[in-house]
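To start, the structure itself, in structure tokens.
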Amino acid sequence: MKIEKAKKLIEDKLPEKRYKHSLRVAETAVKLADIYDGDKDKAELAGILHDYCKYDDLGSMYQIVRQHELNSDLLSYGSEILHGPVCAVIMKEQYGVSDEEVLLAIENHTTGRAQMTKTEKLVFIADYIEPGRQTPGIEEIRDLAYNQGSLDNTIYEISKRTVLHLISKDINVFDATIGCLNYYNYSDQRVKDD
Ligand code: DGI
Ligand code: FE
Ligand code: FE
């Protein structure tokens, strides 16, 4: 899909605030791609499209999970976990997006996962640090991402904060979120395979 078409699709579907967030995520992902030698075109396209299903009806999202035999654990969660995986299916099936890295980056943008591709990492981080985000302590994460030279350490710090936040509110943590946290914890003594 061409970038202009992707922008139009998001502008027509999402509220203005969310459209602007999508543009900022894309810009941030491109900036990170520049620093970390990623694919700017893939990062930009995934960044624009990642929240396309953010406000979709939950029932229709569950239907897509069943029809496409996605991870059935998704059925125990709400739209905050479903909108990524469902968007990846819709982009592939209805809009002909075929690039696997772009689809994975959309699918896993909320939770992350173990062994992410470069584009997944860029979009996962960009979604968290785009300039409109005002989470407490966000500057520390921005500094890690822009100045400390490690995508993986940045991912770990984001995952850690997300999991601590969820637990403090007694919200269930999705398996992939934990997989991401553990995989990118370089303080743990494990041999990494990439
Ligand atoms: O869609 P955005 O708002 O741009 O951001 P996002 O897709 O990263 O969604 C963030 C939300 O997802 C935030 O409220 C925390 C939630 N989240 C992330 N990991 C998990 C989770 N919620 C649950 N229940 N479990 C998780 O593992
Ligand atoms: Fe999202
Ligand atoms: Fe987002």
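Scanning the range 29-48 for residues that are crowded, with 21+ Cβ neighbours inside 10 Å and more than 12 Å from ligand 1 (Cβ to nearest atom) gives 29, 32, 33, 38, 42, 43, 44, 45, 46, 48. Please name all residue pairs, on different chains or six or more residues apart, with Cβ atoms under 7 Å, provided the first residue is in the range 74-90 and is over 20 Å from residue 166 (Cβ atoms) and the second residue is of a type in the set (Asp, Glu) and more than 10 Å from ligand 1 (Cβ to nearest atom). Between residues of the range 74-90 that are over 20 Å from residue 166 (Cβ atoms) and residues that are of a type in the set (Asp, Glu) and more than 10 Å from ligand 1 (Cβ to nearest atom), the close pairs are 86/56; 88/107. Pairing residues of the range 112-133 that are under 15 Å from residue 44 (Cα atoms) and in a helix (DSSP H, G or I) with residues that are hydroxyl-bearing (Ser, Thr, Tyr) and more than 10 Å from ligand 1 (Cβ to nearest atom), at Cβ distances under 6 Å and at least 6 apart in sequence or on separate chains, gives 125/154; 126/28. Only residues that are hydroxyl-bearing (Ser, Thr, Tyr) and either away from ligand 1 (no atom under 16 Å from the Cβ) or part of a loop (DSSP other than H, G, I, E, B) (or both) were counted across the range 134-162, and they come to 3. Residue 186 - would you say it is away from ligand 1 (no atom under 14 Å from the Cβ), surrounded by 18 or more Cβ atoms within 10 Å (Cβ to Cβ) and either over 28 Å from residue 19 (Cβ atoms) or free of Cβ contacts under 8 Å to residues at least 24 places away in the same chain (or both)? No: the conditions fail for residue 186.
Table: residues versus (1) surrounded by 13 or more Cβ atoms within 10 Å (Cβ to Cβ); (2) within 16 Å of ligand 3 (Cβ to nearest atom); (3) within 16 Å of the chain's Cα centre (by Cα); (4) hydroxyl-bearing (Ser, Thr, Tyr).
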| position | (1), (2), (3), (4) |
| --- | --- |
| 54 | yes, yes, yes, no |
| 57 | no, no, no, no |
| 76 | no, no, no, yes |
| 80 | no, yes, yes, no |
| 86 | yes, yes, yes, no |
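Criterion applied to 84, 78, 38 was being within 16 Å of ligand 2 (Cβ to nearest atom) and touching a helix residue (DSSP H, G or I) at 6+ places or on another chain (Cβ under 6 Å), and the one residue passing it is 84.
Only the coordinates and a few stated rules stand behind these numbers; no lab work does. All values derive from a computational prediction rather than experimental measurement. For neighbour counting, all protein chains shown are included, and Cβ atoms are generated from backbone atoms with ideal geometry for every residue, glycine included.
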